[in-house]
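Worksheet: the structure to be examined is printed underneath.
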Amino acid sequence: MATLALETMYCETTGPLARLYFNRPAVLNAANEAWVRDLITITDHLTQQPDIQVVIVSGKGRSFCSGLDVKELAQGRLLLDWFVTWERGVTTLASLNAITIAAIHGYCLGGGLQVALACDLRLAASDAILSIPAVREGVVAALGPMRLARLIGAAPAKRLCFLGERFTAEQGLSLGVIDEVVQPEQMDERALALAQELLAIPFTALKHTKRQINGAFEKDTATLMGELVTAQEECLRSPEHAAVMAEYREQQANRTKA
């Protein structure tokens, strides 16, 4: 296991699986200036690791992430550059080739929900409490509202972002923010099981499917079609595809013999 340990978070890598842990449990993993720098460092590190296929993102202690550190915001320490750097880190996370899973428990507020929205899949413990209350603090939730609107539609996204209301994991499931709700004590087991399920799927195909979905709101059909040709060519030449097809041929041969 390889570990990249920083001041506010760390990343453990075992083969094709990486686990990113937010590690400021005393303040419910609130994001301060160092936290954002560390997010940049770790997401850049993951970008440079082509063998990583799945990343599980979670928080140590009682919460996933309670958002930006309001104490630092109130003292004027979080200036415009901080917010720009924040979004760079979150966007890099969203752009990883690896499939990302947010394993949410406890508080997932503000910036915490922004990080979760940047992940591909979101598991939430039944005790999770979520919200995106940036406007109540007099700021914009970076590109979180855009990601939320793309995920669940403009109308429900506006209600959540305008009012900053807190909602439960089950409510998040109904809205489409959350993909699956699990019991708190089962979170780690379920996140790892989902990761293993993804790791069993040909990664080249997963990678290009993710890119196509992510580009669906930004690119026209002609552009996506051109990218599809390149992606499909890579898939057809990949060793994963060859292995799946070989297994299929073997199964067919065995059925014929039977």
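The values are calculated or read from the model by the stated rules, or taken from the named source; none is laboratory data. Computed from a predicted structure; not experimentally measured. Reconstructed Cβ throughout: ideal geometry from the backbone, glycine too, with neighbour counts over all protein chains shown.
Values as computed for the structure displayed
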quantity	calculated
Those residues of segment 29-52 which are in contact with a Phe, Trp or Tyr (Cβ under 7 Å, 6 or more places away or on another chain) and surrounded by fewer than 21 Cβ atoms within 10 Å (Cβ to Cβ), in sequence order	Glu33
Qualifying residue in segment 137-144 (condition: over 22 Å from Val90 (Cα atoms) and in the same structural domain as Asp51 (by TED's automatic domain parsing))	no
Residues of segment 63-92 that turn out to be outside any helix (DSSP H, G or I), out of contact with any helix residue (DSSP H, G or I) (no Cβ under 7 Å at 6 or more places or on another chain) and at pLDDT below 80, as a count	3
Residue in segment 36-56 that is within 20 Å of Ala141 (Cβ to Cβ) and either assigned to a strand (DSSP E or B) or among the aromatic types (Phe, Trp, Tyr) (or both) present	no
Count of segment 93-106 residues which are outside any strand (DSSP E or B) and of a type in the set (A, V, I, L, M)	4
Test: residue in segment 205-226 that is surrounded by fewer than 13 Cβ atoms within 10 Å (Cβ to Cβ), more than 21 Å from the chain's Cα centre (by Cα) and not in a helix (DSSP H, G or I)	yes
Pairs with Cβ under 9 Å, 6+ apart, first in segment 217-233 and closer than 23 Å to Leu151 by Cβ, second part of a loop (DSSP other than H, G, I, E, B)	Thr223/Gly215; Leu224/Gly215; Leu224/Ala216; Glu227/Gly215; Glu227/Lys219
Unmet requirement for Val135, which otherwise passes all of (1) β-branched (Val, Ile, Thr); (2) modelled with pLDDT under 95; (3) outside any helix (DSSP H, G or I)	(3)
Qualifying residue in segment 111-127 (condition: under 23 Å from Pro25 (Cβ atoms), in a strand (DSSP E or B) and touching a Phe, Trp or Tyr at 6+ places or on another chain (Cβ under 6 Å))	no
Segment 109-137, residues that are crowded, with 23+ Cβ neighbours inside 10 Å and either of a type in the set (D, E, K, R) or more than 13 Å from the chain's Cα centre (by Cα) (or both)	Leu109, Gly110, Arg122, Ala128, Leu130, Ile132
